[in-house]
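The values are calculated or read from the model by the stated rules, or taken from the named source; none is laboratory data. Here the structure is a predicted model, which is why all the values come from computation and not from measurement. Neighbour counts run over all protein chains shown; Cβ positions are idealised from the backbone, glycine included.
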Amino acid sequence: MTSNSITLKNIVAVDVLLHSAIEHQLQMDFSVASELYEQVLTIQADHPEALKLRAAIAVELQDYEKALNLFDSDVLRRSDCPSVFNNRGISLMRTGKLHEAVDNFNQAIQHQKNYASAYSNRGIAERELRRIDAALESYNRAIDLSPDFADPYFNRGVLLEELDYPELAFHDYETAIQKEPGFIDALFNAGNLLYKKRQFRAALNFYDTVIAHNARHDKALYNAGLRQPE
C-alpha cells in the first residue's frame, strides 16, 4: 500500500485482517494466521507487524528458510525489536549459521537486557560451537532472569549430560519438568538417564508420561518396550 494507493477501505481491511490473524496465532492456529498475514502483506507488502508475526510463525513451524526470507526484508532489517533478533537468531542457528545466530541473540539482549529466551537460545548456539563456559553462563543468566522458565534448565541439562555429569543433568531435567509438566524432551531425557542406570521402573514412568502426551513418540515407545524388571 503505497502513498498513492492508501484508501480507507485498505486501511480498514488491514486492521481487520491483522486483528484476526493475531487472534488465530494466539490460539496456535498457525495455518489460518499465516494466510491472514499473507493477505495483509498483499495489501501492504511492507507492513512491519505482519512481517514480524508471519516470520515468527515460520520459526514455530520450523520453516527457517521462509523465516529468514521474511527477516531479510528491508523493514525487518531496520527493526530494533528484540523478538525479531531472537527469532532471526533461532532461524540462523537451525540452518547452521551459528556465529551469525550468536550475533543476533546478542543484539536481542542489547535491546532487552532481561530477555531470558535470548540468553537461553544463545546458550544453545554457544554449546554447538563448543564454547562450554559461554553456554553455561548464558543458561545461568536465563535462569537468574526467569527462574520459572523451563527451557534453560533443559538446555543446561543437555550440556551437562554431554559433559558426563548425569546427576546434575537429571536434576535440571526434573526442574524443567516441574516448571513445565508436559515438557516432552525433558521427560524423555530424564527417562534415558534412569534407563542407563538400570532403574527401569523409574525410567518407564517417564516414558509413559511422554507417551501420554504424545502417543506417537517412537523413541519413547521403543524404549518403553525395552524395559526390564528391577
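Laid out as a table, the results:
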| quantity | calculated |
| --- | --- |
| Residues located in region 104-114, provided they are touching a residue at least 12 places away in the same chain (Cβ under 8 Å) and either surrounded by fewer than 17 Cβ atoms within 10 Å (Cβ to Cβ) or within 8 Å of Pro82 (Cα to Cα) (or both) | Asn106, Gln107, Ala108, Ile109, His111, Gln112, Asn114 |
| Residue match in region 163-176 (condition: modelled with pLDDT of 95 or more and within 20 Å of Arg94 (Cα to Cα)) | no |
| Elements of type helices (runs of 4 or more DSSP H) in region 51-154, at least 1 residues being closer than 30 Å to Pro181 by Cα and among the aromatic types (Phe, Trp, Tyr) | 64-71, 82-94, 98-111, 116-128, 132-145 |
| Residue check for Phe105: at negative phi and touching a Gly at 6+ places or on another chain (Cβ under 7 Å) | yes |
| Selection status of Asn223, touching a Phe, Trp or Tyr at 6+ places or on another chain (Cβ under 8 Å), part of a helix (DSSP H, G or I) and not small (Gly, Ala, Ser) | yes |
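To keep it simple, each residue is scored yes or no on (1) over 22 Å from Phe30 (Cα atoms); (2) surrounded by 24 or more Cβ atoms within 10 Å (Cβ to Cβ); (3) in contact (Cβ under 8 Å) with a residue 24 or more places away in the chain.
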| site | (1), (2), (3) |
| --- | --- |
| Glu49 | no, no, yes |
| Ala56 | no, no, yes |
| Val59 | no, no, yes |
| Tyr64 | no, no, yes |
| Asp80 | yes, no, yes |
| Gly89 | no, yes, yes |
| Lys97 | yes, no, no |
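Conditions (1) surrounded by 20 or more Cβ atoms within 10 Å (Cβ to Cβ); (2) free of Cβ contacts under 8 Å to residues at least 24 places away in the same chain, marked per residue:
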{"position": "Asp144", "(1), (2)": "no, yes"}
{"position": "Pro147", "(1), (2)": "no, yes"}
{"position": "Pro152", "(1), (2)": "yes, no"}
{"position": "Pro166", "(1), (2)": "no, no"}
{"position": "His171", "(1), (2)": "no, yes"}
{"position": "Ala176", "(1), (2)": "yes, no"}
{"position": "Glu180", "(1), (2)": "no, no"}
